[in-house]
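Working notes, structure below.
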Amino acid sequence: MKIAVIGGGNGAYAAAADLTEKGHEVRLWRRNADALRASNTLVLKDAHGERKVTLAGVSPDIGDAVRGAELIFLPDPAFTQPDNAERLAPHLRDGQVVFLAPGTFGSWIMAQGVKAEVAFAETGTLPWLTRKHGPTTAAITARATRLPTGVYPATAGSRAFAVLKKVFPVEPVEDALSAALMNAGPIIHPPLILMNAGPLEHFERWDIHKEGTQPSIRRVTDMLDAERIAARVALGYRAPHFPLADHYSASGDEWMYGRKVHEKLTDSNDWRERIVLTEHRYMREDVEHGLALLVSVCEWANVPCPVAAGLLALGSAVVGKDLRREGRTLENLGLAKFSREEMRARLA
């Protein structure tokens, strides 16, 4: 399949390398493509070792990258979606599928103003646990085994899933908002960064998933996730809801990355990193966008969310702005005025 990968971060490099190795024709777009254009080569590193992978193309021209692509994959942070939507819109063509991983309800944003018949899909996490090891090496710790995915508009779901299932282990959910409420980032990361703020600012590097994941933080995460699931239930979205507790469990239902993946993550030491609270995507994406969206959805659906609202208030204090007012919310997306029935019709 012809696939365009948009971005230059951890997820984009993992996608370009891994999907190329799986036999797909991958073209990578990033604004600064000079480092790769000479050879179109990345190094893929995983449990099977290291090997060089040659992409079909690397381009700073987004139109060139997406031309003829059946699937356009965007693993970049939510705060890049408005700019990427503007860059992509003139180049999209009928029949293409745009896949956001994770989406944070970005499918709604990406679709605005697009005249072509394009399906926009989003899921709850990146298809890889991955970090760059150097400027051209993508190190993959784990690959997703289950990706709950919704499509906007929902009526394009059959066509979109026919494409997506050729590449990813997607599992259809009702619509794009259902998929946005599967996003794991706003559940796992806000407690970890805000309740570890002291060591994050004290130590040069700190692993929030190892030393930073303690029983008290897990209890907060479980309560936060219960609010997310309550919102899904209130809106009529069906199980499975992919509770984050399954990520940590060695038994029970398989989570998005399978069982026992938390041990792989901490054993890799790739997440022992420097996190600047006011700049990192855990704050800018998962709090400012994902958690703000969750709080706004809960309030719109009359679902109590004291933990989510409290963490959002703490995040606002850290960054010095009101994220409930300025973040990615239903109000700021122009959707809070609609009833549930009207929302369901618009998502369809």
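Compactness of the stretch 150-206 is given as radius of gyration and Dmax, 17.6, 50 Å, from Cα positions.
Under the definition of Cα pairs under 8 Å and six or more residues apart, what whole-number percent is the relative contact order of the stretch 1-123?
Numbers: 252 pairs, mean separation 29.2, N = 123.
With pairs under 8 Å counted, the relative contact order is 24 percent.
Within the accessible area of the chain, the carbon and sulfur atoms contribute 50%, probe 1.4 Å, all protein chains present. So what is the diffusion coefficient of the stretch 134-264 in µm² per second by Stokes-Einstein at 25 °C and 0.890 mPa s, using a Kirkwood Rh over Cα pairs? So the translational diffusion coefficient is about 148 µm²/s.
Calculated from the structure at hand, log10 I(q)/I(0) by the Debye sum over Cα atoms at q = 0.10, 0.14, 0.15 Å⁻¹ is found among (1) -0.73, -1.29, -1.38; (2) -0.75, -1.16, -1.27; (3) -0.57, -1.18, -1.37 as (3). All other residues whose Cβ lies under 12 angstrom from that of ASP18 are scored, Lys and Arg at +1 and Asp and Glu at -1, for a net of +2. Taking 16 Å as the cut-off, the amide N atoms of the stretch 315-348 that come nearer than this to a point 7 Å along the Cα-to-beta-carbon line of THR278 belong to 315-323. Stretching the chain fully between ALA317 and ASP267 yields a gain of 14.7 nm (0.36 nm per residue, less the alpha carbon separation). For the chain, with a Gaussian network of springs between Cα atoms less than 10 Å apart, report the residue from ILE140, ILE217, ILE193 with the top mean-square fluctuation. So, out of ILE140, ILE217, ILE193, the one fluctuating most is ILE217. LYS115: which aspartates and glutamates have alpha carbons under 12 Å from its alpha carbon, excluding same-chain residues fewer than 8 sequence positions away? Excluding near neighbours in sequence, the set is ASP94. DSSP beta bridges confined to the chain are antiparallel in about 40 percent of cases.
Would you tally the net charge around GLY106, using a Cβ to Cβ cut-off of less than 12 Å, leaving GLY106 out, and scoring K and R as +1, D and E as -1? Could you put the intermediate results ahead of the total?
On the way: positive: ARG328; negative: ASP76, ASP83, GLU122, GLU285.
Local charge sum for GLY106: -3.
Partners of LYS210 within straight-line reach, counting lysines whose Cα lies under 30 Å from its Cα and excluding those fewer than 8 residues away in the same chain: LYS45, LYS132, LYS260, LYS264, LYS321. Between the C-alpha center of the stretch 152-220 and that of the stretch 121-148 there is a gap of 12 Å. For the stretch 201-348, the Kirkwood hydrodynamic radius comes to 17.0 Å, computed from all pairs of different C-alpha atoms.
Summing charges over neighbours of ARG87, with a neighbour being any other residue whose Cβ is under 13 Å away from its Cβ, gives -3 when K and R count +1 and D and E count -1.
In the context of the full set of protein chains, residues of the stretch 91-155 present 31 Å² of accessible surface per residue (probe radius 1.4 Å, heavy atoms only). Using R0 = 35 Å, the C-beta based FRET efficiency linking GLU25 and ASP83 works out to 0.85.
Based on protein heavy atoms only, the stretch 225-344 ends up with 45 Å² per residue of surface accessible to a 1.4 Å probe. Aspartates and glutamates within cross-link reach of LYS337: Cα-Cα under 13 Å, excluding same-chain residues under 8 positions apart? Straight-distance partners of LYS337: GLU299.
The values are calculated or read from the model by the stated rules, or taken from the named source; none is laboratory data. The shown structure was predicted, so the numbers you read here are calculated from the model rather than taken from an experiment. All Cβ positions, even for glycine, are placed from backbone atoms using ideal geometry, and neighbour counts span all protein chains on display. Only protein heavy atoms, including side chains, enter the accessible area calculation; ligands, DNA and RNA are left aside. Shrake-Rupley method; radii C 1.70, N 1.55, O 1.52, S 1.80 Å.
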